[in-house]
Amino acid sequence: MSNYDYDLFVIGAGSGGVRASRMAKIHGAEKVAIAEEYRPGGTCVIRGCVPKKFLVYASEFSKSFKLAEGFGWSVGETAFDWSKLIRNKDDEIGRLSGIYARNLANTGVDLIEDRAELLDAHTIKLVKSGRTVTADKILIAVGGTPFIPDIEGAELGITSNEAFDLEDLPKHIVIAGGGYIACEFAQIFAGLGVDVCQVYRGDTVLRGFDDDIRSTVHEELVRSGVRVITHSVFEKIEDLGEGQKRVHLDNGQHVDADVVMYAIGRVPYVDGLGLDKAGVELDPAGAIKVDAYSKTSVDNIYAVGDVTNRVNLTPVAIREGAAFAATVFDNKPTAYDHNDIASAVFTQPPVGSVGLSEADARKKYAQIDIYKTSFRPMKQSFSNDASRMMMKLVVDGETERVLGVHIVGPDAPEMIQLAGIAVKAGLTKDQYDAACAVHPTSAEELVTMKEKWTPPELKAAE
Ligand code: NDP
């Protein structure tokens, strides 16, 4: 028996923390507690992936109504009730958060609804109750928080946290950023009839993704009515009164809106956590430094999920949490492999992507073959919706191994889950082609693309 109150104390009941605590218990840890200062579920359930997808569903209907007419439906006049959507979303999130709490209880993990801060490497202060507890092992899984720019009038803006709970649907919104959150919300609001302006400091949104994904999403943002201003950032925000704000940009332009939103990245949520008192080191970006087994600079303290800023996605935090529990409580050292993680961006149309982008593959491999296609999805045949689907395979020309799959179009997130299996398994283009097509689908293109595509600059050099 240890002299500590707990074998494991987890700070943060989000995806990573909950999985880790439950698995630790299942692996035989006797006393496990998890502290949560808000509601069990974390960013994903409470103010991220889950509510975002409800908003995306709501937004997509406006396009579906238009498509339906081509198939003979008379849709008639439509109306949208934001308050009802938010109410239903809140009910569902309450239900899901309850399931998280019940699952913890059923596994025998103590849920402590309080803010936890470290006093030293084994001692935790519970802020609301004033209690102090001790633990042999500590896991930090507190996630991230939106980054707020340091500009005049910054307090007039909101982040995605508040966007989920706006009392009224905005009439005009201006969103800063060109990443996942900015692009997803720009199209959520555009689909709901809001006048949207997106301000991005680069030239094409979604930096880090394959260039064909970026250009397709950028074009679709514009096609869906989003006014995208590039090469520009917010300089200051002015209160015009009566709920109106004016955003001054560094290019001299200004944009007026009733809601101003920042989606310019998230930062590890480490403020006030007492990491310095425990000796836990941070990297230059403010994330907790960990080794391949999620161990921090302190032997008994581990960290998983967004607070470590490795790959900031819910399923990754879950896998890191499970790997931590296997390592520490099941005597099976497990380093989660962060390669070839598939992800989706729920723009409209959405993105699915796994593996290397063309640009990264060209840097790493001597010969790269590209197969790609772009077409109007069949469902749009009877409408004037000109949006396009893009599919691309990045292949190692020497081994024929498919290194990356990149898709923009309806159901891309569903397709990429399966393509992710093939990429992770290291399958070759021949093996893809050996799979018979499923017809008529868009996904069949993944096994029927025959022609190699050569970039114009390489063609000229041939
Ligand atoms: P991202 O890091 O994806 O994007 C941040 C954007 O803001 C980039 O376009 C970046 O520009 C820009 N930016 C950064 N700093 C500044 C600045 N000081 N001034 C102006 N612009 C700036 O962050 P998000 O907030 O969109 O999302 C956070 C994380 O959440 C993502 O990394 C992702 O892991 C996760 N997420 C995942 C989702 C999913 O899986 N579908 C959905 C939503 C979030 P530049 O490109 O030039 O760096």
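How big is the dipole moment of the range 272-357 about its Cα centre under a simple scheme where the beta carbon of each Lys and Arg is +1, that of each Asp and Glu is -1, and everything else is neutral? Debye, nearest 20, please. Please report the intermediate quantities before stating the final value.
Values: 6 positive and 10 negative charges, 21 e Å.
Taking the Cα centre of the range 272-357 as origin, the dipole is about 100 debye.
Going by how many other Cβ atoms sit within 10 Å of their own, how do Arg95, Arg376 line up, fewest first? Spell out each step's value before the answer.
Values: Arg95 9, Arg376 14.
Ascending number of Cβ neighbours within 10 Å: Arg95, Arg376.
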ask   = What order do you get for 112-120, 347-355 when each peptide is scored by the mean count of other beta carbon atoms within 10 Å, highest first?
value = 347-355, 112-120
inquiry  = Taking the beta-carbon count within 10 Å as an exposure proxy, list Tyr38, Tyr100, Tyr371 from fewest neighbours to most.
reply    = Tyr38, Tyr371, Tyr100
query = By average Cβ neighbour count within 10 Å, what is the ranking of 419-430, 242-253 from highest down?
reply = 419-430, 242-253
remark   = For the range 314-384, shape from the Cα gyration tensor axes a ≥ b ≥ c, cut at a/c of 1.5 then a/b versus b/c, turns out oblate
ask   = Taking every DSSP beta bridge that has both residues in the chain, what percent is antiparallel when rounded to the nearest 5?
value = 60 percent
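What is the diffusion coefficient of the range 214-313 in µm²/s, taking the Kirkwood radius over Cα pairs and the Stokes-Einstein relation at 37 °C with a viscosity of 0.692 mPa s? Walk me through the intermediate numbers first.
Numbers: Rh = 17.3 Å.
Roughly 190 µm²/s, to the nearest whole number.
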message = Need the C-alpha centroid separation for the range 87-153 versus the range 407-462, integer Å.
response = 42 Å
task = Just tell me which aspartates and glutamates come within less than 13 Å, Cα to Cα, of Lys25; anything on the same chain fewer than 8 places away is out.
result = Asp7, Asp110, Asp330
request  = Under 1.5 on a/c is rounded, so check that first for the chain, then, if it is not, pick prolate when a/b is larger than b/c and oblate when it is not; a ≥ b ≥ c are the square roots of the alpha carbon gyration tensor eigenvalues.
outcome  = oblate
key: Candidate lysines - alpha carbon under 30 Å from Lys452, same-chain residues fewer than 8 apart omitted   = Lys363, Lys364, Lys372, Lys379, Lys392, Lys424, Lys429
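Between Ala366 and Arg223, what FRET efficiency comes out of the Förster formula 1/(1 + (r/R0)^6) with R0 = 56 Å and r the beta carbon distance, rounded to 0.05?
E between Arg223 and Ala366, to the nearest 0.05, is 0.90.
Any read-out appearing in this document is the output of simple, stated calculations on the displayed coordinates, not a laboratory observation. Keep in mind it's a predicted model, so treat the numbers as computed, not measured. Here the Cβ is made from the backbone with ideal geometry for all residues, glycine too, and neighbour counts use every protein chain on show.
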